[in-house]
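The structure appears below as structure tokens.
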Amino acid sequence: MILAGCGGGSSSTTTATTTATDGTAAKKAADTGSANNSAANKPKEPVTIKFVTLGSGGTEPAAFKELFEQYEKASGNKVDLQILPDVSLYENMIKTRFATNDAPDMFYFFAGPNVNITLQAEKNLMEMTNEDYVKRLTPAVKDFYTVNGKMYGIPWGIYNAMGVLYNKKVFTDLGLSVPQNYQELLAAAEKIKGAGITPFYEAVKTGWPTQVFPLASFQSFVLPTIGGMEGVKKLKENTMRFTDIPELKKVFERHYELKTKGYFNSDLLSGTYENQQEALTTGKAAMVFQADWMMPIIAQRFPDKVKDIGFFPLPSDKGPGTISLYPPKQLLVTKTSKNADAAMDLTRFLTKPESFKIWYKHNPGIPVYNGIETTLVPAQQDIYKYINDGNGIIQIQLQLNAGVFDFDKITQELLIKGDADKAVKSMDENYRQDGKNKKIPGF
């Protein structure tokens, strides 16, 4: 979910540079064989690469448009950019296109090792493991995307983090500081409510934003009760079920409790992602459960308000909490495409330093490639500090081999009806069904 440029040089921004030096990716020869082969010297016919991405209400499509204009000038090829608008159905749309032999030449897709299973990577996707740009990935992202020693997608974009975005001006005016535990968060919400301001804005009509609270809660509340990563391993192997975790039900109860306490917006059921952005930046709401992918959009819609937004993790009962890191989505190339070679050449173009400059102009954030400079807004500066302090973990959901399909519908219904038992049961059933659908051992 997986987004707008903001001007540098002001006191509200800083520049982050990953540590290793960057090198220009070597362009591999498109033709193999001997130099004497006359076919190797024959000019290539221009092709049109069909590229599919999702329209998430952000600035990613705008960045792709500018990048593809540059690529077309440099290569003579064309890129047919297709934007699919429904984020919640995007995965099924892509799978359907593969099933009907209508797969795009190249496409932008979600993060996580379960993608290899979802899309049958070895059969359907070009391998990227030995490409030069892989060497320039930051270690955590490279390790995350490498499964059984192979990589089938280019991590493309920035680190995002799920937690709480808050209006610093509202906090300052009310004498509030960043909560250091969950009880302090509730106390802050009570004070904010008493001042006539909405403590938390939830976008129930849009749907997918309602997932953020439980996803950001997992490492703060659930992980310590299941033995840490050993518990995650059991979930991956399906030897432990979500219904076996009492704290998971409590997470859903906590989320609904915020509604019963009157801490949500009065237009809860009609609340949209766009309303959420506006409420936070104008101070009508003090906080939102979100990720910093919202920040580039705010920079575009409310450029004078970016400096007023900060970030902190969703606190646990015993401490300030741990941020839920969300690696970037990935660029994938279809192996059976007649334009696979040209699409692979496009991946090399996109990983040039000049291309990264265009991407981060539209989507400023913390890079996942070494040696890249980008401007960070204050909320992202907060996240960068948490990452440098080691206070972050790759979102648990993304570390599982199977997915919880329709999770947005589960969390949306939870906030409408408040049935935590049903939420856990539906989550468990959908997870195990997805494992069966993908024929994962143990499911």
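May I ask which of 249/318; 250/284; 95/438; 95/329; 284/307; 142/233 have a Cα-Cα span longer than 24 Å here? Check vs 24 Å cut-off fails for 250/284.
Pairs over the 29 Å Cα-Cα cut-off, from the set 168/425; 50/234; 335/436; 168/236; 73/361: 168/425; 50/234; 168/236. Each residue of the stretch 381-389 is assigned a 3J(HN,Hα), and the resulting list reads 4, 4, 5, 4, 5, 4, 5, 5, 7 Hz, derived from the Karplus form 6.51 cos²θ - 1.76 cosθ + 1.60 (θ = phi - 60°), x at Gly and Pro. Per the Debye formula with a single identical scatterer at each Cα and no solvent contribution, what log10 I(q)/I(0) holds for the chain at q = 0.12 Å⁻¹? Treating every Cα as an identical point scatterer, log10 I(q)/I(0) equals -1.03. Extension gain for the segment residue 191 to residue 272, taken as residue separation times 0.36 nm less the Cα-Cα distance, is 26.7 nm to one decimal.
Accessible area per residue for the stretch 172-245, computed on protein heavy atoms with a 1.4 Å probe, is 41 Å². To put it simply, the accessible area of the stretch 162-299 at a 1.4 Å probe is 50 percent carbon and sulfur. Straight-line cross-link partners of residue 191 among the aspartates and glutamates, defined as a Cα under 12 Å from its Cα and at least 8 positions apart when in the same chain: 173.
3J(HN,Hα) along the stretch 229-234, derived from phi through the Karplus expression 6.51 cos²θ - 1.76 cosθ + 1.60 where θ = phi - 60°, amounts to 5, 5, x, 4, 4, 5 Hz, with x in place of Gly and Pro. Sort the stretch 362-443 into rounded, prolate or oblate with this rule: let a ≥ b ≥ c be the square roots of the eigenvalues of the Cα gyration tensor; rounded if a/c is under 1.5, and if a/c is not under 1.5, prolate when a/b is larger than b/c, oblate otherwise. Judged from the Cα gyration tensor, the stretch 362-443 comes out prolate (a/c at least 1.5, a/b above b/c).
Applying the criteria of a DSSP loop state and at most 13 other Cβ atoms within 10 Å to the trypsin sites (Lys or Arg not before Pro) of the stretch 355-443 yields 439. For the stretch 128-143, the Karplus equation 6.51 cos²θ - 1.76 cosθ + 1.60, evaluated at θ = phi - 60°, returns couplings of 10, 3, 9, 5, 4, 5, 4, 5, 9, 6, 5, x, 4, 6, 4, 5 Hz by residue, with Gly and Pro reported as x. Computed from the Kirkwood radius of its Cα pairs, the Stokes-Einstein diffusion coefficient for the stretch 121-178 at 20 °C and 1.002 mPa s stands at 147 µm²/s. Solvent-accessible area per residue in the stretch 349-441 equals 40 Å², computed with a 1.4 angstrom probe and all protein chains kept.
Taking +1 at the Cβ of each Lys and Arg and -1 at the Cβ of each Asp and Glu, which of 353, 279, 211 sits farthest along the dipole of the chain towards its positive end, judged by Cα position relative to the Cα centre? It is 353.
The values are calculated or read from the model by the stated rules, or taken from the named source; none is laboratory data. What you are looking at is a predicted structure, and each value in this text was computed from that prediction instead of being measured. Note that each Cβ is placed from the backbone with ideal geometry, even for glycine, and that neighbours are counted across all protein chains shown. Side chains included, ligands, DNA and RNA excluded: accessible areas come from the protein's heavy atoms. Shrake-Rupley method; radii C 1.70, N 1.55, O 1.52, S 1.80 Å.
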